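Here, each number is a calculation from the coordinates, and none is a lab measurement. Quantities reported herein were computed from a predicted structural model and do not represent experimental measurements. When we count neighbours, we look across all protein chains shown, and the Cβ atoms used for this are built from the backbone with ideal geometry, even at glycine.
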DNA sequence: CTGAAAGCGCTAACAG
DNA sequence: CTGTTAGCGCTTTCAG
């Protein structure tokens, strides 16, 4: 029951393998008649090209590697959906790897993906990634990489992000207009651009509204739910509690959310809360979470599009693209 | 900057490619000295075997295909984590595909995975899957398949499931003991085993407690949040409302949850609610959702283990294994 | 213990 | 328009 090969087709049609190969790929040289004959036999024998052999020959595969921190985060799951949508349409497959926020794993997976001869990479950096040498090595080998969401300035490549700055600005501005004056920020790892820009948006919103920036109201941490818990506990130690919290993302916001409630504080009565990301969870909380929506599916599609373009044009004069997508503040009961 | 090949190593060491190949794979024929020389040069030149070429030769790849309905469902995301954990340890990679609950996509992806020469498949069926011929074809080609969670009796293969029957029984029994008497069930697609067994658990719990089974209290639907919405709306049409709802899974429960609240009904005061799956969301609802926890991560690990065993032993006398994992009722505020 | 030769399934010059 | 030849990088007999 071994699958049919080009040789098999060639033999039963009295053609050479190369002719069959060309017919299959709709090469202009081949006569209409032979194409028909080849095609119909191929269908009959359920012939499918051996991608492995194809790849060995062409030095190219039709698989692209995706590295995300964690697929269980709805944001990334949705980005992956976007990527898949676009990429499968061109006959490509994706291999999804999770760094689990661990730098070493990220490095390991880039290795694995190289030895799988992926045509390109789509990457969102882990929280703990410091050096980007592992990616630069791939670029030197001619493997295109597009970064999304968690990007870095330390590498030249196409990037797709949302307007973190404006999103944060809008969120904090909204808090201020709603009357909150002592607004804390649960910030993310400062090596990630998203953390930087969201922090900057926070600061500038204060400034634009003539509110003082108080360093003690900014707590730095990670991007997970536990970081929200820890972060808010730190805020609890302040002499005067904040009246609102802007979290760097929804998981952190949820950590804070739980902790706030555990301490018997009311949302938004005692403390208002804003997140960033709009995972589907946020709307189910009681009260539902005000958050900055990111077009996650779109991010995936656009990043994939950029990558496919780069794969298909072996352009010498390639210039990295930088796409910034709009965010959208969703006001709900938590503010 | 082309990556180093076995030939390169052979040339600079004055050895034949075959010797180098053997040395790399720690073949007993090769002298300790040459092994050392080969290994150290390999390290120096950053040599990595070309998996593509390897596969072409051995007719085997070290990638395994995973087909799930949707990765954005936390349950499947967690299963995938379990799979990954086990599989990467043996140097394998996974290709994750989403059927998006569409039968045709499932068929399409099995094709793709075959032409990628995957070593095996891990599958959770889509809601709309009727025939299993596409999987049987793979089995005929000698590709092992292990099904998990969403399985079917119509195919012989190893399967990993949770004890859906007992889980449902425990959930409904809990409702009855808590005093609820008119318990509705939002059931899933009846072609899936999980729906069947959960429905059976529901029925038997009623019987064991001498409560009548009322067909009008069972609403059949899909497994998504919208199905919970639609399902509960149907229940609203009843002359007498149920006092509790057992949903086939958490997404459906959440759909019902939202709808219940929209209609101004109190949980659990007016209507109690139980789900199945324990996505992390369920604990964040207000009130938090009582649900039947499934060891999702474990399911992934065990399914992967079964598959790896089957891949590694080309045993003629292979007998499919059937693993049933325990569930665990988590009682929270919704009941 | 090592090497020479063949071939996995496919594509790509180069000839006709 | 079609066939011949060679080779991608690796493993694997079969000979030494």
For segment B:6-49, alpha-carbon Rg over 2.2 N^0.38 Å: 0.97
Rh (Kirkwood; distinct C-alpha pairs) - the protein assembly as shown, Å: 27.6 Å
Exposure proxy order (Cβ contacts within 10 Å, fewest to most) of A:116, A:134: A:134, A:116
Between 0 and 90°, nearest 10: helix B:32-44 axis offset from chain B longest Cα axis: 60 degrees
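In what sequence do A:51, B:129 fall when counting other Cβ within 10 Å, fewest first? Walk me through the intermediate numbers first.
On the way: A:51 21, B:129 24.
Fewest to most other Cβ atoms nearby, the residues stand as A:51, B:129.
Helix-derived [θ] at 222 nm for chain B: sum -39500 (n - 2.57) over DSSP H runs of at least 4, divide by residue count, nearest 500?
So the helix-based figure for chain B works out to -13500 deg cm²/dmol.
Please figure out what share of the DSSP beta bridges in segment A:224-335 is antiparallel and state it in percent, rounded to the nearest 5.
Given both bridge residues lie in segment A:224-335, the antiparallel proportion sits at roughly 30 percent.
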Inter-probe distance in nm under a simple model that places probes 7 Å from Cα toward Cβ, at residue A:154 and residue B:4: 2.6 nm
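Considering only DSSP beta bridges whose two residues both sit in chain B, what percent are antiparallel, to the nearest 5?
10 percent
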Pairwise label distance in nanometres, residue B:31 with residue A:46, each label 7 Å out on the Cα-Cβ vector: 5.2 nm
Segment B:160-183-segment A:160-210 distance, computed between alpha-carbon centres (Å): 47 Å
Extension gain from residue B:209 to residue B:328, taking 0.36 nm per residue of separation minus the Cα-Cα distance: 40.8 nm
For q = 0.10 Å⁻¹, Debye-computed log10 I/I(0) when each Cα of chain A counts as one equal scatterer: -0.66
DSSP beta bridge pairing in the protein assembly as shown, given as percent antiparallel to the nearest 5: 10 percent
Three principal axis lengths of segment B:18-100 [C-alpha, angstrom, descending]: 53, 23, 22
Distance (nanometres) between label positions extended 7 Å along Cα→Cβ at residue A:182 and residue B:270: 3.9 nm
Chain A: angle of helix A:250-262 to the longest principal axis, Cα-based, in degrees nearest 10: 40 degrees
At R0 = 25 Å, FRET efficiency that the Cβ-Cβ distance of residue A:100 and residue A:136 yields, to 0.05: 0.65
Contact order normalised by residue count of segment A:6-49, Cα under 8 Å, 6+ apart, percent: 33 percent
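For segment A:234-335, what is the relative contact order in percent, using Cα pairs closer than 8 Å and at least 6 residues apart in sequence?
Worked out over segment A:234-335, it gives 29 percent.
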Sites residue B:220 and residue B:319 - FRET efficiency at Förster radius 30 Å, r taken between beta-carbons, to 0.05: 0.30
Degrees separating the helix A:193-208 axis from the principal Cα axis of chain A, which is the longest one: 40 degrees
